[in-house]
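Worksheet: the structure to be examined is printed underneath.
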Amino acid sequence: MARVARELRLSGVLASAITPHRTDSAEADFSGSLDLLDFLAGAGVAGIALLDAAGEFLDYSLDDRQRLVYLGVKRSRVPLLASVSHPTLSGAVHLADEAVSAGADGLLLMPPCFFRYGQAEIGEFCREFAAQTSDAVPLVLHNAPEWTSAMEIETVARLMRSGRFAGIVDSSGDWAYFERLLALKGEHGIAVLSGCDRMAVKALGAGAGGLLSA
């Protein structure tokens with residue numbers, strides 16, 4: 001039975017953790033990952049995201065990703081946000097189900113990576129993901145156009161109106177775009193976090209709830 005999720009506050013500084021590699025191979029160093037969780041929690045972060053872009057999720061199998069989240073949940077002293085981003089809907093849903101069962105405190109989702117998709121396709125992907133995923137923990141979108149298709153403001157607004165998404169992390173570095181997200185924050189009561197460290201101070205001053213920092 002999964003443990004009761006800790007309250008994930010989408011505010012303050014959340015760390016996007018790297019995934020350490022073993023010194024003798026490209027395999028994940030699970031022991032090193034757990035030591036890193038201890039270090040980040042000790043530094044006072046409000047939460048930790050595992051296997052986000054900084055965690056190089058594309059380098060790892062579904063089994064490895066599931067194992068790292070399971071171990072991370074048991075070890076972390078702060079709320080854990082599991083990135084379930086995947087090139088396919090079925091892969092993302094599978095990772096989400098496993099993360100919720102393991103006791104993750106929230107899920108982080110970017111549009112499917114590698115191919116470029118239109119806004120209608122991105123919207124359908126996210127809506128179907130939400131429909132097939134447990135509502136036991138918050139779902140957070142991640143706009144990361146450096147790694148995958150950008151999410152236009154209108155797409156984000158439609159998704160937020162569904163009531164299934166708790167907020168969005170924006171790593172675009174586009175200040176005009178971020179200001180429009182802040183307007184949505186007031187309209188829909190969502191959390192808006194900056195995923196761009198160079199905009200951190202400006203974003204917090206303008207009303208961002210917090211940061212997801214690599």
query: Which of the trypsin sites (Lys or Arg not before Pro) found in the stretch 51-120 are in a DSSP loop and have at most 14 neighbouring Cβ atoms, other than their own, within 10 Å?
result: R77, R116
query: Share of antiparallel DSSP beta bridges in the chain, in percent to the nearest 5?
result: 5 percent
- request: Kindly sort S149, S31 by accessible area of their heavy atoms, largest first, with the probe set to 1.4 Å.
  value: S31, S149
query: Where the centre of each part is set by its Cα atoms, how far does the stretch 91-134 sit from the stretch 137-214, in angstrom?
result: 16 Å
- request: Please give the per residue accessible area of the stretch 62-107, computed with a probe of 1.4 Å over protein heavy atoms only, in Å².
  value: 37 Å²
statement: With the charge dipole of the chain built from beta-carbon charges (+1 for Lys and Arg, -1 for Asp and Glu) about the Cα centre, the Cα from L80, L182, S149 projecting farthest to the positive end belongs to L182
- line: A chain fully extended from A136 to L204 at 0.36 nm per residue, minus the present Cα-Cα distance, gains in nm 21.6 nm
- request: Apply the membrane-span-like helix rule to the chain: whole DSSP H runs, Cα extent along the own long axis of at least 15 Å, mean Kyte-Doolittle hydropathy at least -0.5. List the helices found.
  value: 30-42, 89-102, 119-132, 175-188
field: Segment E146-H21, length gained on full extension (0.36 nm per residue, minus Cα span)
entry: 42.7 nm
- line: With -39,500 (n - 2.57) per DSSP H segment of 4 or more residues and division by the full residue count of the chain, the 222 nm estimate, nearest 500 deg cm²/dmol, is -12500 deg cm²/dmol
task: Return the distance in nm (one decimal) between the two label points of a simple spin-label model at A46 and E128, each offset 7 Å from Cα along Cα→Cβ.
output: 3.3 nm
Interchain or long-range residues, amide H under 5 Å from Y117's placed H: S149
field: Top of G195, G167, G123 by mean-square fluctuation, Gaussian network on the chain, Cα under 10 Å
entry: G123
field: Carbon/sulfur fraction of accessible area - the chain, other protein chains in place, 1.4 Å, %
entry: 53 percent
task: Return the FRET efficiency for the residue pair L58, E187: r is the Cβ-Cβ distance, R0 is 41 Å, and the value is rounded to the nearest 0.05.
output: 0.75
message: If the elastic network links every pair of Cα atoms under 10 Å, which of L81, L14, L89 fluctuates the most in the Gaussian network model of the chain?
response: L89
- request: Please work out how much accessible surface V201 shows to a 1.4 Å probe, ignoring ligands, DNA and RNA, in Å² rounded to 10.
  value: 120 Å²
message: Please list, ordered by chain and number, the residues whose modelled amide H lies under 5 Å from the amide H of A49; skip anything fewer than 5 residues away on the same chain.
response: A15, S16, A17, L81
- line: For I18 the rounded accessible area (nearest 10 Å², probe 1.4 Å, non-protein molecules ignored) is 100 Å²
message: What do you get for GluC sites (Glu not before Pro) in the stretch 74-174 restricted to DSSP loop and a cutoff of at most 16 other Cβ within 10 Å of the site's Cβ?
response: E146, E152
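The values are calculated or read from the model by the stated rules, or taken from the named source; none is laboratory data. Predicted model, so just to flag it, every value in this text is computed and none were measured. Cβ atoms come from the backbone with ideal geometry, glycine included; neighbour counts cover every protein chain shown. In case anyone asks, the SASA skips ligands and DNA or RNA and just uses the protein heavy atoms, side chains included. Shrake-Rupley method; radii C 1.70, N 1.55, O 1.52, S 1.80 Å.
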